[in-house]
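These notes are about the structure you will find just below.
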Amino acid sequence: MMGLQPPTKIVCVGRNYVDHATELNNPVPQQPLLFIKPPSAITRLPEIRIPTEYGECHHEMELAVFIGMPLKRATPAQALKAIAGYGVGLDLTLRQIQNELKAQGQPWERAKAFDGSCVLGPMLERIECDVNRPFEIALRVNGELRQQGSSADMIFTIADLLAEISTLFTLVPGDVVLTGTPAGVAALHVGDKLELLLTNAGRQWQWHGQVEAAG
Ligand code: ZN
């Protein structure tokens with residue numbers, strides 16, 4: 001596994017699957033909805049730590065794209081070449097807090113950028129993957145399939161997302177892009193056992209985690 005520099009930021013995409021936008025009664029976006037988590041939000045699988053004092057903390061299972069070369073005002077083709085690898089991530093979301101913030105027109109950081117809110121698995125190097133085939137993600141909680149999605153069903157493709165992001169935020173090696181979540185988001189509970197799956201070109205990788213209370 002290639003060693004990457006620590007990220008300077010995690011850029012997240014909201015509402016990139018129609019079925020998830022619909023389940024939260026959100027409109028399908030005309031341009032990518034973007035937000036950023038700071039490096040202090042990261043924990044690495046198998047560690048998953050959720051706050052327990054702010055209402056429901058939802059899992060959002062996402063395909064993670066790891067950046068290997070600087071990207072600024074890139075074309076989609078340039079953006080694809082800058083990808084170091086792929087993996088899985090959880091965009092943990094304090095849903096009740098987010099709903100209150102949305103209602104007040106306030107930024108989402110309290111709901112999305114807290115310590116532990118970005119759970120990352122290891123990176124699969126790009127050469128291990130077939131980038132011309134879809135990446136499929138799935139999340140099981142206590143053995144039950146909760147979320148399933150394919151990059152083929154994204155509203156904005158990975159290449160288009162990275163190009164658009166790079167017009168606003170320079171991406172540097174180590175940065176991570178979480179590409180949005182499919183339907184099936186729900187609350188996590190302390191003690192839940194999670195399986196995170198990634199499938200590409202007939203190969204499957206699987207990682208595990210168990211939910212603990214944040215200290
Ligand atoms: Zn998300």
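Things worth noting here:
- Exceeding the 23 Å Cα-Cα cut-off - candidates Lys9/Lys72; Lys37/Lys102; Lys9/Lys193; Lys72/Lys112; Lys81/Lys112: Lys9/Lys193; Lys72/Lys112; Lys81/Lys112
- Compactness ratio for region 159-215: Cα radius of gyration over 2.2 N^0.38 Å (N = residue count) comes to 1.55.
- For region 114-181, the solvent-accessible area works out to 40 Å² per residue, with a probe of 1.4 Å and every protein chain left in place.
- Pairwise label distance in nanometres, Thr75 with Glu53, each label 7 Å out on the Cα-Cβ vector: 5.3
- Stokes-Einstein diffusion coefficient of region 10-213, Kirkwood radius over Cα pairs, 10 °C, 1.306 mPa s, in µm²/s: 94
- Taking Cα centre as origin and charging only the Cβ of basic (Lys, Arg, +1) and acidic (Asp, Glu, -1) residues, the dipole magnitude of the chain rounds to 480 debye.
- Taking the C-alpha atoms of region 69-146, convex hull volume expressed per residue in Å³: 173
- Whole-percent carbon and sulfur share, accessible surface of region 60-102, 1.4 Å: 59
- Couplings 3J(HN,Hα) for region 43-50, derived from phi with the Karplus relation 6.51 cos²θ - 1.76 cosθ + 1.60 (θ = phi - 60°), are 10, 10, 3, x, 6, 9, 10, 10 Hz, where x marks Gly and Pro.
The values are calculated or read from the model by the stated rules, or taken from the named source; none is laboratory data. Keep in mind that what you see is a predicted model, and the values were worked out from it rather than measured. Reconstructed Cβ throughout: ideal geometry from the backbone, glycine too, with neighbour counts over all protein chains shown. Surface areas here come from the heavy atoms of the whole protein model, side chains and all, with no ligands, DNA or RNA. Shrake-Rupley method; radii C 1.70, N 1.55, O 1.52, S 1.80 Å.
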